[in-house]
Amino acid sequence: MTIAHVTSPTHIGKPVSRYEGMDKVTGRARYAADFAAPGMAHAVVVSADIALGRVTQLLTAEAERLPGVIAILSHLNCPDVAKGDKAYQDQVSPPGSPFRPFRDERVMFDGQPIALVVAEDFETARHAARLIHVVYEQDTANTDMSAVLGIAYKPPKKRFGMNGVPGRRGDTQDALRVAHPRVDAHYETPPAYHHPMEMHATTAIWISDTKIHVHDKTQGAQNSRNYIAAIFGYSKDDVIVEAPYIGGAFGSGLRPQYQLFLAVLAARELKRPVQLMLTRQQMFSFGHRPQTHQNISLGATGEGLMTSIFHEVVAATSTYEDYQEDVVHWAELLYATENASYAYALTKLDIATPSDMRAPGGGLGMFAIESAIDELAEASSMDPVGFRLQNYSERDQFEDRPFSTKELRSCFSEGAAAFGWQHRQAGGHSDGHVRLGMGMATGIWEANILPTNALARRHSDGRIEIETAMADIGTGTYTICQQVAADVLGVSLDMVSVRLGDSRLANAPVEGGSFGAASVTAAVEAACKALKNKLESSARDIGKHANAPIEAEGGSDPYYFKTAKALLGFKSHSTYSHSAVFAEVAVEPELAAIHVRRIVIAVDAGRILNPKTARSQIIGGATWGLSMALHEEALRDHTSGRIVNRSLGEYHFPVCADIPDIKVIFIETPDTKLNPLGVKGLGEIGLVGTAAAIANAIYNAVGVRMRKLPITSERLFEGLVQNERHRTIGSALPLKGASA
Amino acid sequence: MRPFELVRPDTMVQAIEYLQAYPAAKLIAGGTNLLDLMKEDVEQPHILIDVTRLPLTSIVITDDGSLRIGALVKNTDLAYNPDVMEGWPLISAALLAGASPQLRNMATTAGNLLQRTRCYYFYDTAAACNKRSPGQGCAAIKGHNRIHAILGSSDQCVATHPSDFCVALAALDAVVVVQGPLGERRIAFADFHRLPGDSPERDTTLDRHEIVTAVELAPSAYAVHCDYLKLRDRRSYAFALVSVAGCLEIRDGVIVSARIALGGVAHKPWRDYRAEQSLVGKAPGKDAFAAAASILLSEAKPLRDNAFKIELSQRAIVHALTRAAAGSLHKLPLELGNRPLQ
């Protein structure tokens, strides 16, 4: 495959404003709950307020008497739907038995939907939901991860698409025994929730007993379509799922969520359109970033050469699914050592199954690794950047193969220069009663491409239409499709329109995992190229069909996806994006107050199709990294098994005043081994590494290692008080993993 | 949310009559707290009495130089009122430390006084809460309680009062003017909010048929040497873990009088006259401030998660009084003055 026709692009690489920007800022863009249909009913979910037990009685008489209430659905009267697990599994399901709403009387997690009230208007439905009295037989839920660390288990079946856990290299225990310096540290990260601005919603429009038209908040219209078709017995062609706009999702819209099931169930049962939007509180009742406990041991020689890596993770999952993500293989890609060993285990809690949340796995594992590397660099009396360069891995030690491209060295040098890293002092420095510290960390994320199709259509007046089922989750997919099409076909941007997020369009996977841009633009490029060939070859016949549109389909044709075997992971090169994150923090030790003053992030994500939307992606990711470092934590009361800070007032993430200037630098080396345009993806790389850079900067400022997220006032305060008491800086806690 | 009836009195007499006629009625002005509570089913009023038509929207300087703030004056209007910024800058700083611009544009003076606690368990109708449902018990005492009280709590309730504004009003010895069926009553600020004791469902000493009409502040001796410091989980839109209103009257290098009020630590803004008295006659300085802080916190008791607030309060008091002595509130934009690290 060549890229000859876009080597001197007019539009690719330019900071083109969002294709759909005007629609979004003027309110023309319609989201799942913005749609209405004649006769539409409104539904409200009744959520369980226990975490484990059984519903023994559902007292609905008072609610049913309310004028305007149409139906109350629950496990007691749930119509016939698919019974087997298979129908409920989707493109990204982990192994296990997926949650099936209204399956029976059992309550398996706090906030589980146990009834659905459908009424003529929303207010009536909401009121009626309050009038339903649920009687439970409550069991003691276990939601406390520390109580079940001892019964963690290796998941018997690996989740599809994961890299998995690297095999052992050398003898890590032996190497650690003699290593000097050596770092052993324990890290903890809390459960955290996606909280897109748009709550999950579905408008299900009943067409006939065999047809349904659904507006869903989803990152994969076809994933939702297949789910509905399988559960309710529709033919796939008779289910339309549209999701042209998504008000943020960050992974929460990868799996079909329960509001989709419930809205379709009600619409089918009542033979009329039904709309359902979850509340902000109900957004705490499904997927989330799993809680982890992590142990790391690193060893080096006196010259600062790393000899061994040990990284062990226990992650929480639900009782009914083995949710897994790649938390542990990252060090294997970054640091050259003779010895390495990794472990990843799960432990079951009475909670809803976790799910992919921005930079799933990598965001968590890299916080621990990059914090520990900072400790090891210090123990080796080396600059953190210099230490990383000295132990730089040219090969992927996990798969034992070279990288397609890896511009991490340039990320270090350009990021350090822009940040002024040379001014960093060991022990930070003072500005009045404020301590200033600088920290840095490496970021890494998998660059992937999944089979995706697109259609290009030319109308007789020269207008071009691009169509694919791929979603734009707010990242700029519309815009890059438009740019690529315009360049391949040699037309201006305003001649190109783009349709996305509709299950009827050319096949595409869910958008997520940073593979969207690479996958969809390769497909658009192929489709446009095919169209161009068609136009050229049919130029002489054009008179005959002057008014008929001409169309061509194309698929992303990644080199290593040509066979089924290839799909399971065979590649000649490892493909990853990289970054270097630099952060400066101010800490007022007296008050345990922290403020991040600035962030510089240098990113190797291959070719940048649109520096404007790309920068927004990185700023968003880095902001979330800051949020992970300092703010986000779902607090669960283990007596009730319920999350207590179930609102955006008390579940904290940064406000604008917390977010500093974030400078983004792109190291642009197209990765054409991955895809023709050389794109590596941007969705996650801004987040990975940012939390560790901030924690490392806090250490530089005040000499306290923060190994438990988020770094709240009390946690920093505790560290500062201990430091004042002992004056021993950075002493690591003894670990079970290291000595095991 | 449950259906309710809305009545909109035009006069104070009418409003009080509504209160007398409908025992389950609630007053509503800005609605920034009550509507949330209704959506969460914590409050279930059958009748809302919208008081926004009452003539209580003025800010007046009286003949004796006092400030009279109408009950319906919006937080934003009060914070940026030139007389307030000049004569009672502590009030502006505290107001601007609270909520967000959008909320401050709606929230009223009296509403701020009457806002309910942000205890997680108060908001969760499935959790035990004596404040919401007397006699149920308190889930917070053994639950997540980092945001809860270290002073003045009872075995019935460990909730805190969430207001910033009230911490400043407490420090400045404001007077709450209320109107009831029997006429006007003036309540010293220290007596307006209650400690939980055995009846945590009652936040204030306001009678059920009374309406707050104004808040009054005497001319302040602390316009120069005052500070509002708010420590919180993020730089805006978060309630105080600990906040301090610190005021000093300094003559010839000696403290003549002092006021210290603490927020985020008790069921009401916390003051201790012994602590304030200990500063009189002393030169402003860290040792004197620390000694006063120790007195103020001498009876502080931690719960499972909030022991850090005791030491943090100690340090915050010293910090705020140090800034007050330096008069630093005047050197920064008021929106920023309440934060550390500026």
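Based on what the data block shows, is A:TYR258 in contact (Cβ under 8 Å) with a residue 60 or more places away in the chain and of a type in the set (Ser, Thr, Tyr)?
In short, yes.
A:MET628 passes all but one of (1) under 30 Å from A:ASP144 (Cβ atoms); (2) at the interface with chain B (Cβ under 10 Å from one of its Cβ atoms); which number fails?
Of the numbered conditions (1) under 30 Å from A:ASP144 (Cβ atoms); (2) at the interface with chain B (Cβ under 10 Å from one of its Cβ atoms), the odd one out for A:MET628 is (2).
Need pairs with beta-carbon distance below 7 Å; first residue more than 16 Å from A:THR479 (Cα to Cα) and within the range A:242-255, second hydroxyl-bearing (Ser, Thr, Tyr); sequence gap 6+ or separate chains.
A:ALA243/A:THR218; A:GLY247/A:TYR31; A:GLY251/A:SER355; A:SER252/A:SER355; A:GLY253/A:THR218; A:LEU254/A:SER355; A:ARG255/A:SER93; A:ARG255/A:SER355
Using beta carbons and a limit of 8 Å, which pairs, at least six apart or on different chains, have the first residue in the range A:542-557 and on the phi < 0 side of the Ramachandran plot and at pLDDT 65 or above and the second one acidic (Asp, Glu) and not in a strand (DSSP E or B)?
Matching pairs, first to second residue: A:GLY554/A:GLU525.
Residues of the range A:558-588 being hydrophobic (A, V, I, L, M, F, W, C) and at pLDDT below 90, which ones? Talk me through it step by step, then tell me what you get.
Step one: of the range A:558-588, the residues hydrophobic (A, V, I, L, M, F, W, C) are A:561, A:564, A:566-568, A:570, A:580-583, A:585-587.
Result: A:PHE561, A:ALA564, A:ALA566, A:LEU567, A:LEU568, A:PHE570.
Could you tell me whether B:ALA290 is in a loop (DSSP other than H, G, I, E, B), aliphatic (A, V, I, L, M) and within 14 Å of chain A (Cβ to nearest Cβ)?
For B:ALA290, the condition - in a loop (DSSP other than H, G, I, E, B), aliphatic (A, V, I, L, M) and within 14 Å of chain A (Cβ to nearest Cβ) - is not met.
For the range A:52-86, name all the residues that are small (Gly, Ala, Ser), assigned to a loop (DSSP other than H, G, I, E, B) and touching a strand residue (DSSP E or B) at 6+ places or on another chain (Cβ under 6 Å).
Of everything in the range A:52-86, just one residue is small (Gly, Ala, Ser), assigned to a loop (DSSP other than H, G, I, E, B) and touching a strand residue (DSSP E or B) at 6+ places or on another chain (Cβ under 6 Å), namely A:GLY68.
Please tell me if A:SER371 is part of a strand (DSSP E or B) and among the hydroxyl-bearing types (Ser, Thr, Tyr).
Numbers: part of a strand (DSSP E or B): no; among the hydroxyl-bearing types (Ser, Thr, Tyr): yes.
No.
When residues of the range B:61-78 are filtered for being surrounded by fewer than 22 Cβ atoms within 10 Å (Cβ to Cβ) and touching an Asp or Glu at 6+ places or on another chain (Cβ under 9 Å), how many remain?
4
Would you mind finding the one in A:GLU668, A:GLU714 that is farther than 21 Å from A:HIS573 by Cα and either assigned to a loop (DSSP other than H, G, I, E, B) or within 14 Å of chain B (Cβ to nearest Cβ) (or both)?
Exactly one of A:GLU668, A:GLU714 is farther than 21 Å from A:HIS573 by Cα and either assigned to a loop (DSSP other than H, G, I, E, B) or within 14 Å of chain B (Cβ to nearest Cβ) (or both), namely A:GLU714.
In the range A:671-697, what residues are of a type in the set (Gly, Ala, Ser) and either outside any loop (DSSP other than H, G, I, E, B) or without any contact (Cβ under 8 Å) to a residue 12 or more places away in the chain (or both)?
A:ALA691, A:ALA692, A:ALA693, A:ALA695, A:ALA697
Name the single residue, out of those in the range B:262-289 being of a type in the set (A, V, I, L, M) and surrounded by fewer than 15 Cβ atoms within 10 Å (Cβ to Cβ), that is nearest to B:PHE189 (Cα to Cα).
Taking the candidates together, the pick is B:VAL280.
Here is a list of conditions, (1) of a type in the set (A, V, I, L, M, F, W, C); (2) assigned to a helix (DSSP H, G or I); (3) within 12 Å of chain B (Cβ to nearest Cβ), and A:ALA614 meets all of them except one; can you say which number that is?
(3)
Which residue pairs have Cβ atoms under 6 Å apart, sit 6 or more places apart or on different chains, and have a first residue in the range A:45-63 that is away from every other protein chain (no Cβ under 13 Å) and a second that is part of a loop (DSSP other than H, G, I, E, B) and at pLDDT 95 or above?
Close Cβ pairs satisfying both conditions: A:LEU52/A:ASP139; A:LEU52/A:ALA141; A:LEU52/A:ASP350; A:ARG54/A:GLU105; A:VAL55/A:GLU105; A:THR60/A:ILE132.
Can you find a residue in the range B:51-67 that is more than 14 Å from chain A (Cβ to nearest Cβ), of a type in the set (A, V, I, L, M, F, W, C), within 16 Å of the chain's Cα centre (by Cα) and in a loop (DSSP other than H, G, I, E, B)?
no
Any chance the range A:593-602 includes a residue that's within 12 Å of chain B (Cβ to nearest Cβ), of a type outside the set (Lys, Arg) and surrounded by 24 or more Cβ atoms within 10 Å (Cβ to Cβ)? Spell out how you get there, then give the answer.
As a first pass, look at the range A:593-602 and keep what is within 12 Å of chain B (Cβ to nearest Cβ): A:593-597.
From what's left, of a type outside the set (Lys, Arg): A:593-596.
With surrounded by 24 or more Cβ atoms within 10 Å (Cβ to Cβ) added as a condition, the list becomes A:594, A:596.
The answer is yes, given that some residue of the range A:593-602 is within 12 Å of chain B (Cβ to nearest Cβ), of a type outside the set (Lys, Arg) and surrounded by 24 or more Cβ atoms within 10 Å (Cβ to Cβ).
Just checking: which of the strands (runs of 3 or more DSSP E) contained wholly in the range A:146-244 hold 2 or more residues that are more than 27 Å from the chain's Cα centre (by Cα) and modelled with pLDDT of 95 or more?
Filter on the range A:146-244 gives A:182-189, A:201-208, A:211-216.
Name every residue in the range B:100-114 that is in a loop (DSSP other than H, G, I, E, B) and either more than 12 Å from chain A (Cβ to nearest Cβ) or crowded, with 24+ Cβ neighbours inside 10 Å (or both), in order of residue number.
B:ALA107, B:LEU114
For the range A:290-320, how many residues meet the condition of being assigned to a strand (DSSP E or B), within 30 Å of A:VAL81 (Cβ to Cβ) and of a type outside the set (A, V, I, L, M, F, W, C)?
The initial filter retains those residues of the range A:290-320 that are assigned to a strand (DSSP E or B), namely A:292-300, A:306-317.
Still in the list and also within 30 Å of A:VAL81 (Cβ to Cβ): A:316-317.
Okay, now just the ones that are also of a type outside the set (A, V, I, L, M, F, W, C), so A:317.
Qualifying residue count for the region: 1.
Looking at the range A:105-119, which of its residues are in a loop (DSSP other than H, G, I, E, B) and either of a type in the set (A, V, I, L, M, F, W, C) or touching a Cys at 6+ places or on another chain (Cβ under 9 Å) (or both)?
Within the range A:105-119, A:MET108, A:PHE109 qualify.
Might you let me know whether the range A:118-139 holds any residue that is within 26 Å of A:ASN226 (Cα to Cα) and either at pLDDT below 95 or touching a strand residue (DSSP E or B) at 6+ places or on another chain (Cβ under 7 Å) (or both)? Explain how you work it out, then say what you get.
Here is the first cut: in the range A:118-139, the ones within 26 Å of A:ASN226 (Cα to Cα) are A:118.
Remaining after also requiring either at pLDDT below 95 or touching a strand residue (DSSP E or B) at 6+ places or on another chain (Cβ under 7 Å) (or both): A:118.
Looking for residues that are within 26 Å of A:ASN226 (Cα to Cα) and either at pLDDT below 95 or touching a strand residue (DSSP E or B) at 6+ places or on another chain (Cβ under 7 Å) (or both), one finds at least one in the range A:118-139, hence yes.
I'd like the residue in the range B:122-166 that is of a type in the set (Ser, Thr, Tyr) and assigned to a loop (DSSP other than H, G, I, E, B) and, out of all such residues, is farthest from the other protein chains (Cβ to nearest Cβ). Talk me through it step by step, then tell me what you get.
From the range B:122-166, those of a type in the set (Ser, Thr, Tyr) are B:123, B:125, B:133, B:153-154, B:160, B:163; that's our starting set.
This time we only want the ones that are assigned to a loop (DSSP other than H, G, I, E, B), so: B:125, B:133, B:153, B:160, B:163.
On the way: B:THR125: 8, B:SER133: 14, B:SER153: 18, B:THR160: 13, B:SER163: 14 Å.
The qualifying residue farthest from the other protein chains (Cβ to nearest Cβ) is B:SER153.
What tally of residues in the range B:199-238 results from selecting those that are more than 14 Å from every other protein chain (Cβ to nearest Cβ), in a loop (DSSP other than H, G, I, E, B) and not hydroxyl-bearing (Ser, Thr, Tyr)?
Final tally of qualifying residues: 15.
Quick check on the range A:373-394: of everything there that is in contact with a helix residue (DSSP H, G or I) (Cβ under 9 Å, 6 or more places away or on another chain) and charged (D, E, K, R), which residue is nearest to A:VAL603 (Cα to Cα)?
A:ARG388
Mind checking whether some residue in the range B:36-48 is more than 14 Å from chain A (Cβ to nearest Cβ) and assigned to a strand (DSSP E or B)?
The answer is yes, given that some residue of the range B:36-48 is more than 14 Å from chain A (Cβ to nearest Cβ) and assigned to a strand (DSSP E or B).
Scanning for something modelled with pLDDT of 90 or more and surrounded by fewer than 24 Cβ atoms within 10 Å (Cβ to Cβ), does the range A:676-687 turn up at least one residue?
Yes, the range A:676-687 has at least one match.
Could you check the range A:425-482 for strands (runs of 3 or more DSSP E) lying wholly inside it with 1 or more residues that are touching a helix residue (DSSP H, G or I) at 6+ places or on another chain (Cβ under 9 Å), among the aliphatic types (A, V, I, L, M) and buried (at least 24 other Cβ atoms within 10 Å of the Cβ)?
A:434-446, A:453-458, A:464-467
Identify, from the list A:GLY365, A:GLY386, the residue that is over 30 Å from A:ASP110 (Cβ atoms) and either small (Gly, Ala, Ser) or free of Cβ contacts under 8 Å to residues at least 24 places away in the same chain (or both).
Criteria check complete, one pass: A:GLY386.
The values are calculated or read from the model by the stated rules, or taken from the named source; none is laboratory data. The model shown is predicted, which means the values in this text are computed figures rather than measured ones. Here the Cβ is made from the backbone with ideal geometry for all residues, glycine too, and neighbour counts use every protein chain on show.
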